[in-house]
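Some notes on the structure that comes next.
The values are calculated or read from the model by the stated rules, or taken from the named source; none is laboratory data. Note that the structure is predicted; figures quoted are calculated from it, not measured. Methodologically, a virtual Cβ is constructed for each residue, glycine included, from the backbone with ideal geometry; neighbour enumeration extends over all protein chains shown. Areas reflect the complete protein model, heavy atoms only, side chains present, ligands, DNA and RNA absent. Shrake-Rupley method; radii C 1.70, N 1.55, O 1.52, S 1.80 Å.
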Amino acid sequence: MNDALKECIKLDVDFLSVHASSGRAALSLLTNTVKEQKSNLNLVAISVLTSFDEKTFLEVYNTDIKQGTSKLATLAKDCNLPAIVCSPHEIELVKAKTPGLFIITPGIRLEEAKDDQKRVLTPLAARRLGSDMIVVGRPIYKASNPLEVASKILKELSL
């Protein structure tokens with residue numbers, strides 16, 4: 001993992017996401033490497049995949065999503081990662097538990113999701129909850145007119 005990070009640093013990558021569940025030793029190693037290399041790369045901790053529902057998360061992590069997200073956000077902050085990826089449903093929890101972490105929010109949909117994503121909200125709802133950055137993938141790239149969808153999202157956010 002550290003060798004991959006060093007290659008990303010050489011490529012002048014801006015952001016690199018890593019699963020917070022990789023643990024304290026791995027996260028600390030990565031943040032220390034970024035510091036040692038005097039890199040501007042931002043490590044982003046992934047908390048809970050938006051495709052997980054409570055049942056799936058419990059099966060994999062043996063806890064509920066809110067407790068798991070809280071624990072992973074705390075771990076990311078303790079290991080000096082500047083940002084975390086979390087579903088729109090956990091934004092308020094992460095803001096309260098780990099103030100100062102930059103929040104990147106996937107699972108953004110313009111309407112009810114008809115795909116594998118379980119915990120989604122609209123762009124405006126995510127912004128109102130405090131997301132610092134949203135990630136919109138499939139609603140744009142699977143649209144018959146991607147530019148129209150992107151424009152609709154930008155218009156919604158500019159209200």
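Is segment 140-151 home to any residue that is among the basic types (Lys, Arg) and surrounded by 15 or more Cβ atoms within 10 Å (Cβ to Cβ)? The answer is no; no qualifying residue exists. None of LEU157, LEU110 is more than 30 Å from ASN32 (Cα to Cα), in contact with a helix residue (DSSP H, G or I) (Cβ under 6 Å, 6 or more places away or on another chain) and touching a residue at least 40 places away in the same chain (Cβ under 8 Å) except LEU110.
Restricting segment 120-132 to residues that are in a loop (DSSP other than H, G, I, E, B) and either of a type in the set (Val, Ile, Thr) or modelled with pLDDT under 90 (or both) leaves a set whose member that is nearest to VAL48 (Cα to Cα) is VAL120.
Contact map, segment 137-152: first residue free of Cβ contacts under 8 Å to residues at least 60 places away in the same chain and hydrophobic (A, V, I, L, M, F, W, C), second residue surrounded by 12 or more Cβ atoms within 10 Å (Cβ to Cβ) and part of a loop (DSSP other than H, G, I, E, B), Cβ cut-off under 6 Å, separation 6 or more or different chains; pairs are VAL149/ALA143.
Do you know which residues across segment 108-119 are open to solvent by 30 Å² or more (accessible area, probe 1.4 Å) and either touching a Pro at 6+ places or on another chain (Cβ under 7 Å) or not in a loop (DSSP other than H, G, I, E, B) (or both)? Once the filter is applied, which keeps residues that are open to solvent by 30 Å² or more (accessible area, probe 1.4 Å) and either touching a Pro at 6+ places or on another chain (Cβ under 7 Å) or not in a loop (DSSP other than H, G, I, E, B) (or both), segment 108-119 yields only LEU110.
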